[in-house]
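Have a look at the structure below, then the notes.
Quick note: the coordinates plus some simple rules give every number you see, no bench work behind them. Remember, predicted model here, so these are calculated numbers, not experimental data. Glycine gets a Cβ as well: all are built from the backbone with ideal geometry, and neighbour counts include every protein chain shown.
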Amino acid sequence: MKILELVIDEDAELYGIDAISLVDSPAIELPFVALKDDKMQFATSDEDKRLLVGPALVPDKPIYRKNRDEEFYVYFSKNTVRKASELYLKHGNQANHTLEHEHNINGLTVVESWLVEDKDKDKSAVYGLDVPVGTWMVAVKVDNEAIWSEWVKEGKVKGFSIEGYFVDRLQKDKDEEMLSELARAVVNDDKRTKSGKRVVMESYSDYPEAVRNNAKRGIELNEKNGNKCATQTGKVRAQQLAQGEPVSLETIRRMASYLARAEEDYDPGNTSACGTISYLLWGGKAAKRWAESKLKQLLFDALEKELSK
């Protein structure tokens, strides 16, 4: 069965851990451990402090996944786990929590976050948790009475499960390989390029009007939303597209990659959602179609040119 490494692509608009969910069956298969109430099987729960302590991500642990008829495993390296934990705090997502990945819940906050560096001396060992070095541990304060009483104390939820945006290493390598192939091929015909002459990659502005309009629409919606959606990269990209400025080959690759992954968060009926706004800022579905088509066209033309030499 195929095993894929999931990595963080920081070039994308959305990346890293967006929320931590309370679930009955944690994907990492490490449940909570109860301190005072036998019914509570969460990572670690403290009846007085209402704290849940447990692993959010475990490095190098295969996690079973199924996509339609395809079955496979995914895993995170120690470096990706570390980066994910840092980005989670950097993006201020400590209060983002869901129940069984379906319902947003309030009143939960990550109050501690750490990486296990020594299995024997780490705080996780004190709680009776046997986790490997590199594990991302969190302590969640539960101020939501209903969640604590009806879900935690009743043992309906037993662990943490992360929600986020990752790419698999195989696809990322394929994208980068294609880009490298283009970088080698899309050059001028001067044979001196083979002896070290600097190659200047072209830029392209032949994207359709719909891309510009989508970017303009995204900018308008974001302004109504207090400009709280999207990263600075996304905002800059929107200005670039809205004004019809040329984009580089690397930017086209990023557009295709981000828009393909984020399409499921685009809801034209919810114009206040950051997923919708961010998607429009990058040019929306029109930009996705253009970027994918452009990459295929450029690669085909470049390889055809190389073969004809």
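Descriptive notes on the structure:
- For the set Lys61/Lys119; Lys78/Lys123; Lys2/Lys78; Lys90/Lys294; Lys158/Lys228, the pairs lying more than 23 angstrom apart at their alpha carbons are Lys90/Lys294; Lys158/Lys228.
- Karplus-derived 3J(HN,Hα), 6.51/-1.76/1.60, for each residue of segment 267-276, Hz, glycine and proline x: 10, x, x, 10, 7, 9, 6, 5, x, 5
- Couplings for segment 127-132, taken from phi via the Karplus curve 6.51 cos²θ - 1.76 cosθ + 1.60 with θ = phi - 60°, read 7, x, 9, 9, 10, x Hz in order; Gly and Pro are left as x.
- Ranked packing of 150-162, 77-89, most packed first, by mean Cβ within 10 Å: 150-162, 77-89
- For Thr98, the residues whose amide H sits under 5 Å from its own are Ile20, Ser21, Leu22, Ile105, ignoring neighbours fewer than 5 places away on the same chain, with H placed 1.01 Å from N.
- Among 270-281, 108-119, sorting by the average number of other beta carbon atoms lying within 10 angstrom of each residue, highest first, gives 270-281, 108-119.
- Plainly put, segment 67-172 has a radius of gyration that is 0.98 times its Kirkwood radius, both from alpha-carbon atoms, as the Rg/Rh ratio.
- A cut-off under 13 angstrom between Cβ atoms defines the neighbours of Ala286, and their net charge, with Lys, Arg +1 and Asp, Glu -1, is +3.
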